[in-house]
Structure formats: structure tokens, C-alpha cells
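The values are calculated or read from the model by the stated rules, or taken from the named source; none is laboratory data. All values reported here derive from a predicted model rather than from experimental measurement. Here the Cβ is made from the backbone with ideal geometry for all residues, glycine too, and neighbour counts use every protein chain on show.
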Amino acid sequence: MSKYIFVTGGVVSSLGKGLAAASIGKLLEERGLKVAFIKCDPYLNVDPGTMSPFQHGEVYVTDDGAETDLDLGHYERFTNSVCSKESNITTGKIYYSVITKERRGDYLGKTIQIIPHITNEIKDSIRAVPKNKDIDVTIVEIGGTVGDIESLPFLEAIRQMRWELGDGYALNIHVTLLPYIKAAGEHKTKPTQHSVGRLREIGILPDILLCRTEKHITLEQKEKISLFCNVDRDAVIEAIDVKTIYEVPICFKKQGLDDLIFRKLNIKKEDKGLEKWADYVVERVKHPSQEVKISVVGKYITLPDAYKSIYEALTHGGIANDAGVVINKIDSEELEEAKDLSKVLGDSKGILIPGGFGNRGIEGKIAAIRFARENKVPFFGICLGMQLATIEFARNVCGMKNANSTEFDPKTEFPVISLLEEQKAVKDMGATMRLGAYQCRIIKDSNAFQAYKKETISERHRHRYEFNPKYRKAMEKQGAVIAGENPQKDLVEIFEIKDHPWFVACQFHPEFKSKPDKAHPLFRDFIKAALGS
Ligand code: GLN
């Protein structure tokens with residue numbers, strides 16, 4: 001039976017609970033445990049698939065095609081755990097299920113209430129994740145901040161689970177903030193005390209506190225927090241700001257967080273240390289041998305979370321090449337007005353166009369692709385980036401004036417990107433794209449094969465539109481290389497061009513499968529090409 005760690009957050013949002021949960025998972029996995037993760041999101045959307053990146057940040061896609069919270073990306077990057085549709089529980093999903101059961105008559109005449117029906121549904125959904133999977137510890141992160149009305153049913157559910165499971169089988173970790181007040185020259189513990197107080201009001205007593213802070217906290221402060229919050233002194237853990245997120249597990253380990261968890265959960269396992277991670281990942285991110293500037297041209301560049309997995313995968317590509325990646329974020333709309341692109345992109349060693357929806361900024365992206373193609377700058381197009389690379393090639397190389405995707409111009413004369421018949425019938429927007437893992441067959445004479453070193457790969461998708469096979473021959477004649485295809489449906493998955501140092505555009509999202517200690521082959525080779533090697 002799996003043991004459970006429940007992670008809550010207090011004082012403010014954006015404390016990095018997801019990273020804390022992922023780092024805890026990493027520590028446990030390194031000591032030989034099998035971990036699973038769950039993210040509970042207290043919003044009413046069934047999943048984040050229909051939300052704007054401005055609202056939600058990146059939508060992370062799992063192998064089984066779930067559109068999920070970006071914290072699942074942290075979980076998969078830090079550990080070997082595989083997330084699925086079950087790993088992200090939202091209020092919307094819980095209510096949807098309960099109401100469906102009610103309509104079906106499953107509750108046999110009962111009055112359906114938040115307690116116990118909603119809370120039971122949450123508990124069942126949590127228990128379903130580790131079931132029959134040999135999981136030692138399931139880490140459950142509750143989104144939002146303690147004190148929010150929205151998260152109350154989730155907190156009640158984990159309160160009950162902690163009580164039912166008992167000591168040694170479950171524990172509560174609360175992530176909190178210790179603001180440093182410059183004028184007073186000290187940390188303030190009051191917000192943490194209040195936040196723990198709010199948790200106690202609903203019957204949750206944290207076993208461990210992770211205190212986010214800008215500056216080191218003193219023993220005296222730890223003692224004060226311990227006394228006022230009913231938490232052992234050695235269970236008050238400092239979570240100080242670090243240079244790279246990959247340092248967080250090391251920072252926790254130095255304070256014995258894994259031993260503490262083992263003691264509280266009655267687990268005994270050998271400690272093999274975290275040296276490999278420290279030497280290869282953290283050291284290379286902090287002190288790389290060289291630097292390389294990569295431009296990412298997108299429309300959500302003001303939001304650090306919108307292209308989270310892309311930025312991380314670029315860092316991983318850097319690690320594999322012992323290079324620090326300096327990411328130059330360029331607003332595609334601004335590029336539309338730029339007279340001379342070399343002023344903006346001239347010093348970039350590589351250009352990446354990420355995924356996206358809607359026509360705002362696409363002409364700027366197409367201009368950047370043209371710049372990369374003509375000036376032989378290594379280019380990496382992902383999903384929308386691939387579709388736009390095809391459009392650029394059709395327009396500027398094949399002479400198909402105003403070629404476009406029917407997403408942006410339904411009446412275009414050259415619909416080089418268009419909808420499949422099956423997508424034309426789709427009415428509901430939620431969970432209806434081509435989602436999740438699909439196979440791709442790669443041709444040997446391609447940059448993609450150079451990278452993967454195998455002919456059949458599997459990558460994750462999230463899109464509606466596809467390369468239109470009607471234009472394939474015309475493009476191939478002009479030097480386009482269809483480097484990868486879906487073996488079942490012949491859909492074009494990878495588009496490359498000849499006579500260019502490295503121009504790879506893929507319909508799938510490789511960024512979701514990159515890890516710091518195992519860079520995705522395409523990101524690794526893109527950075528390699530950008531370094532000129
Ligand atoms: N908007 C495009 C489509 O739906 C690309 C999607 C994406 O980049 N994820 O096909």
C-alpha cells in the first residue's frame with residue numbers, strides 16, 4: 001500500500017509548491033523508492049486545455065493525452081514517474097463525475113453533498129493513482145493557498161486521509177513564506193503562524209514546514225517557528241531562493257529532509273547521495289564552459305510560465321553540451337514591425353518558434369523563420385512553429401503566394417496546413433485535439449535521425465491542424481525533406497530543409513519529454529548546431 005505525502009501552500013501563491021513536491025520525489029526516488037504524483041487544482045475547468053496561457057501558463061501534455069497543469073512537467077522532469085490522466089484532479093473533474101453519477105441514479109435516492117460525496121470522490125481519485133502500481137509514496141500537491149474557499153473540499157479530503165491512514169503512513173508538508181523586511185533587518189514569521197493556524201482550524205497539523213525565503217534563516221527563528229507552529233525544530237526546513245531550480249533537491253537534502261521523511265513514514269533505505277545530479281546538472285547550469293544565445297519568438301514571452309517546458313528543455317540541451325543557454329525572448333508581434341530583422345536576430349545562434357494558437361503574431365514568426373532559413377541560422381520549429389515553417393517555405397520558396405493554414409485564413413488559395421476530416425466534425429473544444437503520444441517513423445538521411453539514432457520514436461501531440469499532403473510533392477521538389485511521418489496515417493510529423501546547417505520542425509512537442517540529466521535528442525542537437533559543432 002502506498003504511503004502519502006500531502007503538500008499544501010500558505011501565505012501567497014507562486015511559492016513553488018510544484019518544485020518542492022518534485023524535489024521531494026527526486027530525493028525519495030534517489031533512495032530507491034517508487035513515487036507517484038498528483039496535482040489537485042481547485043478550479044472549475046475540467047482541465048486547463050481550454051484556458052489561455054495568460055490565465056494558466058503552459059498546458060502540459062501526458063503520454064496518454066491529458067491536458068494538465070504545468071507542475072506535472074516538474075514531476076516528470078525531476079523523476080522517472082510517468083504522469084497520466086489521473087495525475088491531475090480538478091474541482092471541475094470531480095463535480096463532473098459526481099453529477100454524472102447522480103444523473104445515472106448511482107446514489108440511490110441520497111442527497112448529494114460536498115461532504116461526503118465530493119470529498120469521497122476526491123479521496124477515490126487520489127487512491128486510484130497508486131493502485132496496483134507498486135508505488136511506495138504518492139505525493140499529493142494541493143493547488144491554491146490555504147484560506148481559499150475553493151480548496152476547502154480538497155483539504156478536508158486530505159485531512160480525512162491523513163486521519164484514516166495514521167502516523168507512519170501519511171504526512172503533511174506545508175510550504176510557506178518568510179518575508180524579509182529590509183527596514184527591520186529580519187524575517188517575519190507571523191504570516192507563517194497565521195497560515196499554519198488556518199490549517200489547524202480545518203484539522204490539518206503540518207508535520208514539516210518548508211519556509212521559502214530570500215535569505216538564510218537563523219536557528220533562533222527556526223525555534224520560534226517550531227514553538228508557535230507545533231512543528232519539530234528539525235522539521236522547519238529552509239527553502240531558500242536558488243540559482244537554478246535543479247538545486248532545490250540538493251538544498252533540501254543538505255538539511256536532511258529525506259531522512260526526516262523516512263523517519264516520519266517509517267521507511268529505511270540506503271543513502272546513495274545526489275552527487276551525479278549535483279555534478280552533472282547543477283554544476284553545468286551554474287558554471288557552464290561556454291554560452292549560446294537562442295531566440296525564442298512567441299506571443300506569450302512576457303509570461304515565464306507560458307513556454308515552461310521549452311525553456312527547461314533548452315537548458316537541458318545546454319547541459320548536454322556543457323553550455324549555458326541565454327534565452328532571448330522576442331515578441332512575435334513586435335517583429336512584425338521590425339524593418340531590419342538582423343538588428344533583432346543577428347546575434348542569435350539559434351531560433352526557436354514554439355507552439356501556439358490563433359493568428360496574432362504569426363507573420364512575425366514567419367519573418368523569423370525566413371531569416372533563419374536564408375541566413376542559415378539553426379532553426380527549431382515546434383507544432384505551430386512547424387506549421388509556420390511549412391507556410392514560409394510554400395510562400396517564399398515554392399512561390400505559393402499567401403499560402404496559409406486554414407486556422408488563420410480559411411479561404412487561402414494554398415491551404416498547406418489544414419484540418420483533417422475528423423477534426424471538421426468537432427464541436428466541443430475540450431480534450432478534442434490530437435492529443436498525447438503517437439509514433440513517428442523517421443527517414444535515415446535526416447537531422448532527426450542523427451539526433452534520435454532510431455527509426456521509430458514516440459512523441460506527444462496537442463494540435464488540430466496538419467500538414468496538407470496535397471502540397472507535399474511540390475515542396476519536396478524545392479528541397480523540403482519530410483523527415484518523419486505517422487506510420488498509421490501518413491501524417492507529416494517532421495519537416496526539414498536541405499542545404500541548411502540544422503533546420504528541424506516537428507508537429508509534436510518534444511519539450512515534454514526532456515529531462516535535465518537526459519536532454520531530449522532534438523534539443524541537444526539544436527544547441528549543438530547553435531554552438532557550430
Ligand atoms: N494552432 C495549431 C493547431 O491547432 C498548433 C497548435 C500548437 O502549436 N500546439 O494545430
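Of note:
- Contact annotation: residue pairs with Cβ atoms under 6 Å, 6 or more positions apart or on different chains, pairing a residue in segment 493-521 that is touching a residue at least 12 places away in the same chain (Cβ under 8 Å) and within 16 Å of the ligand (Cβ to nearest atom) with a partner that is of a type in the set (Gly, Ala, Ser) and not in a helix (DSSP H, G or I), are Glu493/Gly484; Ile494/Ala483; Ile494/Gly484; Phe495/Ala505; Ala505/Gly381.
- Residues of segment 364-394 classified as within 15 Å of the ligand (Cβ to nearest atom) and either hydrophobic (A, V, I, L, M, F, W, C) or at pLDDT below 95 (or both), total: 10
- Evaluated against (1) in a helix (DSSP H, G or I); (2) modelled with pLDDT of 95 or more, Ile204 falls short on exactly one condition, (1).
- Boolean, Asp64 is of a type outside the set (S, T, N, Q), more than 18 Å from Lys17 (Cβ to Cβ) and touching a helix residue (DSSP H, G or I) at 6+ places or on another chain (Cβ under 6 Å): yes
- For segment 508-533, residues that are of a type in the set (S, T, N, Q) and modelled with pLDDT under 95 total 1.
- Asp64 meets each of the listed conditions (1) closer than 22 Å to His463 by Cβ; (2) not in a loop (DSSP other than H, G, I, E, B) apart from (2).
- Taking segment 432-485 as the range and being in a loop (DSSP other than H, G, I, E, B) and within 16 Å of the ligand (Cβ to nearest atom) as the test, the residues that pass are Thr432, Met433, Arg464, Asn468.
- Selection within segment 347-362 - within 13 Å of the ligand (Cβ to nearest atom) and either among the basic types (Lys, Arg) or over 27 Å from Gly49 (Cα atoms) (or both): Arg360
- Which numbered condition Gly109 misses (of (1) closer than 22 Å to Ser23 by Cβ; (2) among the small types (Gly, Ala, Ser); (3) out of contact with any Ser or Thr (no Cβ under 8 Å at 6 or more places or on another chain)): (1)
- Checking each residue of segment 499-507 against the condition of being modelled with pLDDT under 95 and over 26 Å from the mean Cα position of the chain (by Cα) gives at least one match.
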